[in-house]
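Written below as structure tokens is the structure these notes are about.
The values are calculated or read from the model by the stated rules, or taken from the named source; none is laboratory data. Keep in mind the model is a prediction, meaning the values are calculated, not measured. Neighbour counts are summed over all protein chains in view; Cβ atoms, including those assigned to glycine, are modelled from backbone coordinates with ideal geometry.
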């Protein structure tokens, strides 16, 4: 209901926090991890999709016994998904959470 | 998509296994889950209890429940069947469905948990004008959930033909009614807490059942994947002339496949019933853990289906699968019968039913929460409804939605399930995902942008599907004498692709951009509040305590 809400003044605690260096660092930290990672896994996924439709002979070539390139690359999609999940969770627990918590605590003390 | 989830049109032929055992095991599941739902749901008066299970589930519990919610009958029966019939091309589906979770993990789950309360609309309308945005988000939620719901209900009818030996249309209608009534009870009585427990139990049963079958199949082939693949491929070449290891058996048109691949990978993070699950945990850290668990369980399950699909191709054979009532969807149950006889078939059938029941319950609670929280509270009561009123309305909505799902399921019986599931994923990716991402990451985003992306994505996705070959105009299959399209004998298609994603998803993003830049609205204070809260977790709704 932002339309009816009174215009908040500039010294709003949220705006002040949003403009602080500490928060800018948190945001930069988050975005510089998740955006490239998203680009990476989407590119890898669509590479696999495009190979499956336009390089059928290659994908259907048997490499190990009856295991084809298509199957190997497909299983690697599973591996990369599991790996990115583990890397992200580790990063978030160690690098992101302490900073996010500091911001949240600062907000909590200001609002009391 | 039609080849993956062929219509479960009942063919009046033989059944497999012993219907009495199948019914007994399913009844046991229902009794046990009902008891747990009743025990778990003593405190369902407050809105946070009813909609979000008191936000008291752990990340692990919620992760298992997400897997239970996501691994629908289409995933289990559909993918195993698609791999058995089309080999490699069926496998592509599971990859899209799995990789999609990274979008949810990296970009959506935690930020949404930090800013929202009960529904997807909470987040979308956070810094925009409440009424129009909530209305749009609620409509999109209802559309996506409804089509997903219909697909599950329609699937239930066809499954019965195979598993319970009920082949006449009235018998199947009765089964849909019974499934619907049990599901309504779970939702109305158990709320989110009861629904979550049903999903947890079902996920555990499904993953253990599929895991045992996988070991069994691998054991049959001396634990050598290459032998299994080779034998399955040879059996398929002998039966139908198709080499299961080659790409392109199912998708002849590359653009169509790319379009589908886009909808799969971008749809998941926009499915309202998936998003709502993130509110059942106390913190964003637990939401992250939920997705971590879900990714592991879903990934491992899809690896099982790979073995099960190829195993069915070799041990059951493509001809027997296609001839069975339910077609490709019967590959997994037939394999269970082949391996472990009536008992294993009974267990797997009961799990398949439990799957439908749990997914339908999750969808119903999502749709009823949106009707009550977004439509009733905001639009009718101007945000002044008490939590008791909201929960009461949500229960009535669940009852009405359940009744509609039963009637819709009866009408959709024998319909092309692919049509409904594709529509749900395409709409979620076209209407919801652009709006969620813009809302979380784009400072300038505003009300007009949100309305443009939601309605634009919604209308374009539905319109393109309506005029696609999925609805009308596919050539008649000489074997069945019917067209694989939904409607027979008419042809009004002009859109060449089965899946609208490649057009409607970019369109959703572009319209959201255009709507935003042509409007001057910007609420700096609300934007600051949303961004600070979404990243830091400050002010997030916590767990309720008793």
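What's the number of the condition residue B:464 fails, among (1) crowded, with 16+ Cβ neighbours inside 10 Å; (2) modelled with pLDDT of 90 or more; (3) within 24 Å of residue B:126 (Cβ to Cβ)?
It fails just one condition, (3).
Identify, from the list B:235, B:263, the residue that is crowded, with 23+ Cβ neighbours inside 10 Å, more than 19 Å from residue A:55 (Cβ to Cβ) and either within 12 Å of chain A (Cβ to nearest Cβ) or touching a residue at least 40 places away in the same chain (Cβ under 8 Å) (or both).
Working: B:235 fails: crowded, with 23+ Cβ neighbours inside 10 Å.
The conditions single out B:263.
Keeping to the stretch B:14-39, report how many residues are modelled with pLDDT under 80 and more than 25 Å from the chain's Cα centre (by Cα).
6
Which one is surrounded by the most Cβ atoms within 10 Å (Cβ to Cβ), of the residues in the stretch A:63-112 that are assigned to a strand (DSSP E or B), at the interface with chain B (Cβ under 7 Å from one of its Cβ atoms) and out of contact with any strand residue (DSSP E or B) (no Cβ under 9 Å at 6 or more places or on another chain)?
Taking the candidates together, the pick is A:67.
Quick one: would you say residue B:185 is surrounded by fewer than 23 Cβ atoms within 10 Å (Cβ to Cβ), touching a residue at least 60 places away in the same chain (Cβ under 8 Å) and under 21 Å from the mean Cα position of the chain (by Cα)?
Here the answer is yes, as residue B:185 does meet what is asked.
Given (1) out of contact with any helix residue (DSSP H, G or I) (no Cβ under 8 Å at 6 or more places or on another chain); (2) in contact (Cβ under 8 Å) with a residue 12 or more places away in the chain, where does residue B:217 come up short, assuming only one miss?
The single condition residue B:217 does not satisfy is (1).
Please find, among B:127, B:131, B:60, the residue that is at pLDDT 90 or above, within 14 Å of another protein chain (Cβ to nearest Cβ) and surrounded by 24 or more Cβ atoms within 10 Å (Cβ to Cβ).
The conditions single out B:127.
Can you pull out every residue in the stretch B:493-531 that is surrounded by fewer than 17 Cβ atoms within 10 Å (Cβ to Cβ), assigned to a helix (DSSP H, G or I) and within 12 Å of chain A (Cβ to nearest Cβ)?
B:524
Residue B:275: at pLDDT 85 or above, away from chain A (no Cβ under 12 Å) and assigned to a helix (DSSP H, G or I), yes or no?
Yes; evaluated as a whole, the condition is true for this residue.
Can you find a residue in the stretch B:250-257 that is part of a helix (DSSP H, G or I), at pLDDT 90 or above, more than 8 Å from chain A (Cβ to nearest Cβ) and out of contact with any strand residue (DSSP E or B) (no Cβ under 6 Å at 6 or more places or on another chain)?
The answer is yes, given that some residue of the stretch B:250-257 is part of a helix (DSSP H, G or I), at pLDDT 90 or above, more than 8 Å from chain A (Cβ to nearest Cβ) and out of contact with any strand residue (DSSP E or B) (no Cβ under 6 Å at 6 or more places or on another chain).
Tell me, which residue of the stretch B:532-546 that is over 30 Å from the mean Cα position of the chain (by Cα) and at the interface with chain A (Cβ under 7 Å from one of its Cβ atoms) is farthest from residue A:98 (Cα to Cα)?
Across the stretch B:532-546, the extreme among qualifying residues is B:532.
Are any of the residues in the stretch B:99-119 over 30 Å from residue B:542 (Cβ atoms), within 13 Å of chain A (Cβ to nearest Cβ) and surrounded by 24 or more Cβ atoms within 10 Å (Cβ to Cβ)?
yes
Does the stretch B:475-484 contain any residue that is within 21 Å of residue B:432 (Cα to Cα) and either modelled with pLDDT under 90 or within 14 Å of chain A (Cβ to nearest Cβ) (or both)?
no
Please go through the stretch B:199-229 and pick out each residue that is assigned to a helix (DSSP H, G or I), surrounded by 20 or more Cβ atoms within 10 Å (Cβ to Cβ) and within 12 Å of chain A (Cβ to nearest Cβ).
Once the filter is applied, which keeps residues that are assigned to a helix (DSSP H, G or I), surrounded by 20 or more Cβ atoms within 10 Å (Cβ to Cβ) and within 12 Å of chain A (Cβ to nearest Cβ), the stretch B:199-229 yields B:228, B:229.
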